[in-house]
Amino acid sequence: MFKFKRHFISVFLIFAFFFGIGINVADGHSFVAEITPAPNSQLKSSPQEVKITFGDKIDKNLASITVTNDKQKTVTSESVQLSENNKEVRLKLPKLTSGIYKVDYYVISSNDGHPMRGSYSFEILNSASSQQEDKHEKENEAVSPQQKDEKESTSQNSDNHNHMMDDSNNTQPQETDESKGNLMELFIYLMRAVYYLGLLLLIGWVFWWDFVHNYSTEFKKKYLFWGIIIQMLHLIGLISMILNQLNVFASRGLISTLGFSFDSHFSLMWLVSFTLSLIGFACLFKNRWLDFLWIFIIALAKVLNGHSIDFKPTILLIISNFVHLFAASIWAAGLLVIVIYWRKQRLYIQSFLPLFSLYALLSIIILSITGIFTTVFFLSSADQLFTNWGLFLLAKLLVVIFVFIIGGLIRLKLKKYKTANLGLFVKIDFILMTIIVFLVSIITYLNPLP
């Protein structure tokens with residue numbers, strides 16, 4: 001209990017320090033305000049450029065627009081241009097022929113590093129066909145109603161035939177492109193889940209080391225071995241997150257567009273996280289206060305790279321999300337300790353369970369309070385609950401309810417000293433935790449604003 005008080009008092013003292021000095025951050029969240037040419041528009045002539053305007057500033061080094069024709073070939077190799085206020089991105093186009101063109105864009109908010117990826121299509125009509133249609137209309141005015149009906153019937157049959165031919169030619173490429181995009185999106189979500197799971201487990205694993213380092217030599221060796229595994233998991237996830245920010249993972253496959261700069265605070269936080277991850281292999285599990293400082297900085301770097309810095313009250317949201325992350329780490333890593341040692345180190349785990357049960361209960365309570373607090377400020381209207389972000393948030397809430405039920409059963413068995421099948425409930429709890437991490441990886445990727 002003394003260690004518990006010592007750790008949490010230290011955390012809140014540091015929070016008070018940051019709350020006192022304050023942090024100046026932006027209070028807006030980028031969104032697409034205007035697109036030219038408009039999505040699904042039909043143009044009579046080739047546009048001079050593609051222009052996309054955002055509601056807030058975007059990172060000038062990580063903005064890209066790609067325009068491809070119906071043969072999936074890029075129509076220009078020109079670089080994008082940004083406006084002086086960094087809210088508008090343009091791509092000059094050559095003279096395009098008639099056909100359907102697809103626009104893929106990718107930008108990152110310079111405030112919170114939130115990625116915005118989207119695509120849409122526009123069509124350029126055949127000018128010769130347009131003139132023929134005008135001539136056809138004039139001819140219709142000069143003929144009798146009966147002749148007009150016959151011509152329209154013939155023309156409609158011809159159009160239907162051409163339309164069916166176009167559909168048969170275009171359906172397969174569109175479906176293939178969409179399926180590739182969905183697979184790449186799923187891959188991005190999985191990589192984000194690896195990052196979040198690695199981060200949570202690593203922070204918690206370092207935290208719990210202070211409580212188990214007095215156990216047997218065999219226990220400690222295995223614990224440190226798993227510590228290296230978790231560090232590697234975190235590093236892989238972190239690198240994938242950075243590559244995702246660079247838009248290396250695109251719907252058309254791996255694209256090398258490495259132009260990362262550190263003139264924005266979110267990119268600086270990625271650099272801090274990456275540096276700490278490498279330092280961790282050499283310095284972790286050796287000094288208690290060095291360990292505690294390490295997990296504090298890496299958790300803070302993550303919080304300063306999320307949605308919380310784009311909403312008000314900013315300081316309170318940063319503190320709330322930090323506490324949320326720390327509590328989730330304690331719960332997740334504690335579950336992993338029990339799962340790994342349950343079979344061969346049952347005696348140690350039985351002594352560890354009461355301590356973990358107390359921390360897990362406090363963590364779940366803290367997670368609920370901070371989660372509700374954050375959601376209240378992220379929700380500007382009830383309509384957000386019907387967006388993708390809101391639906392995944394509700395799904396997470398449903399899983400959390402199951403976590404409360406399983407946690408209650410675990411505590412009840414501990415009070416009655418019925419630990420025979422307790423391992424099964426812990427495994428279920430661990431699976432639910434993994435599901436929550438995957439949902440969080442999606443929620444933090446989506447824009448909270450409708």
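The values are calculated or read from the model by the stated rules, or taken from the named source; none is laboratory data. Since the model is a prediction, treat every value here as computed from it, not as a measurement. So basically every Cβ, Gly included, is an ideal-geometry build from the backbone, and we count neighbours across all protein chains shown. What goes into the accessible areas is simple: the full protein's heavy atoms, side chains included, and nothing from ligands, DNA or RNA. Shrake-Rupley method; radii C 1.70, N 1.55, O 1.52, S 1.80 Å.
What to note about this one:
- Cross-chain or 6+ apart pairs with Cβ under 9 Å, segment 44-58 first and touching a residue at least 60 places away in the same chain (Cβ under 8 Å), then among the acidic types (Asp, Glu) and open to solvent by 30 Å² or more (accessible area, probe 1.4 Å): Phe54/Glu34; Phe54/Glu88
- Filtered residues of segment 176-215 (kept if modelled with pLDDT under 85 and among the acidic types (Asp, Glu)): Asp177, Glu178, Glu185
- Hits in segment 35-60 - residues which are crowded, with 16+ Cβ neighbours inside 10 Å, among the hydrophobic types (A, V, I, L, M, F, W, C) and in contact with a Pro (Cβ under 8 Å, 6 or more places away or on another chain): Val50
- Residues being hydroxyl-bearing (Ser, Thr, Tyr), outside any strand (DSSP E or B) and open to solvent by less than 80 Å² (accessible area, probe 1.4 Å) - total across segment 61-78: 1
- Scanning segment 322-341 for residues that are surrounded by fewer than 23 Cβ atoms within 10 Å (Cβ to Cβ) and either of a type in the set (S, T, N, Q) or free of Cβ contacts under 8 Å to residues at least 12 places away in the same chain (or both) yields nothing.
- Counted residues, segment 216-257 - those being open to solvent by 20 Å² or more (accessible area, probe 1.4 Å), small (Gly, Ala, Ser) and at pLDDT 75 or above: 1
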